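Have a look at the structure below before the remarks.
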Amino acid sequence: MADVKYKRIMLKLSGEALAGDKGFGINPPVIKTVAEEVKSVYNLGIQIAIVVGGGNMWRGVSGEQMGMERAQADYIGMLATIMNALALQDNLESIGVPTRVQTSIEMRQIAEPYIRRKAIRHLEKERVVIFAGGTGSPYFSTDTTAALRAAEINADAILMAKNGVDGIYSADPNKDPDAVKFDQLTQLDIINKGLHVMDTTASSLSMDNDIPFVVFNLNESGNIRKVVEGENIGTTVRGK
């Protein structure tokens, strides 16, 4: 294995990142590029787990706003994450990266059910594991899923790949020209400064289990590899 900072990572991808400029659905050239980025890290000998969101297909909050029961809307969102996971798996395997999808909701015909020990064994056997279906329960985001699964598999860090955002700022840089980018923060800094990075449940999980996370721009080629190799890009958040 190359000289790297993180040997087992949890990569959190938003559903929107797979849509690209289209904003909705899966954009084939974009998902192929994401797969190539993952492969470049895989070739370093890194153990990679992935959680992908479903916002490019469906958002539970939007369903609730339309009058749908929140739990039902969230279940639809879980199915959206599974569609994204299967598409990402297909793209990874088409370029020679062995991949397994594990779902929190059983659908054995298309994916494995989530089993922690089996997931870890896949990682040890140099397979990428994609966790789909969220936590399996409504009212939890895929950020929370990423933090939970990262703790369960003893990941060294959570890599939060953002669509066009290169780190954490004091304010929205698109609206405030005086917004300042942070290179390093703690979880308490995020709370005290009122920064919106991930939901509070995910933040608490990563803080309680002392799992650092790095927020960086997915759209710049090579950034996932740069984070793994310890290059100072984006914003690193530590629990303590």
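I'd like the full set of residues that are among the polar types (S, T, N, Q), under 25 Å from P28 (Cβ atoms) and within 19 Å of the chain's Cα centre (by Cα), limited to the range 90-126. Selection gives N91, T99, Q102, T103.
Candidates are the residues of the range 222-240 that are touching a Ser or Thr at 6+ places or on another chain (Cβ under 8 Å) and closer than 28 Å to L44 by Cα; the one that is surrounded by the fewest Cβ atoms within 10 Å (Cβ to Cβ) is G222. On the basis of being closer than 29 Å to P29 by Cβ and either over 14 Å from the mean Cα position of the chain (by Cα) or of a type outside the set (K, R) (or both), does G194 make the cut? No.
When the range 42-69 is filtered for residues that are free of Cβ contacts under 8 Å to residues at least 24 places away in the same chain and assigned to a loop (DSSP other than H, G, I, E, B), the ones remaining, listed by number, are N43, W58, R59, M66, G67, M68, E69. For first residues located in the range 100-112 and free of Cβ contacts under 8 Å to residues at least 40 places away in the same chain and surrounded by 19 or more Cβ atoms within 10 Å (Cβ to Cβ), partners that are among the hydrophobic types (A, V, I, L, M, F, W, C) and part of a loop (DSSP other than H, G, I, E, B) and lie 6+ apart or on another chain with Cβ distances below 6 Å form the pairs V101/A111; T103/A111. Can you confirm whether I190 is in contact with a Ser or Thr (Cβ under 9 Å, 6 or more places away or on another chain) and buried (at least 17 other Cβ atoms within 10 Å of the Cβ)? It is true that I190 is in contact with a Ser or Thr (Cβ under 9 Å, 6 or more places away or on another chain) and buried (at least 17 other Cβ atoms within 10 Å of the Cβ). Of the residues making up the range 1-32, those that are over 16 Å from the mean Cα position of the chain (by Cα) and polar (S, T, N, Q) number 1.
The residues of the range 177-203 that are outside any helix (DSSP H, G or I) and within 21 Å of R149 (Cβ to Cβ), listed by number, are V197, M198, D199.
One residue stands out among those in the range 1-41 that are in a helix (DSSP H, G or I) and acidic (D, E): the one that is modelled with the lowest pLDDT, which is D21. Considering the range 113-141, and only residues there that are of a type in the set (S, T, Y) and modelled with pLDDT under 95, the residue that is nearest to S203 (Cα to Cα) turns out to be S141.
The values are calculated or read from the model by the stated rules, or taken from the named source; none is laboratory data. Here the structure is a predicted model, which means the values were calculated and not measured. A quick note on method: Cβ atoms are made from the backbone with ideal geometry, for glycine too, and the neighbour counts reach across all protein chains shown.
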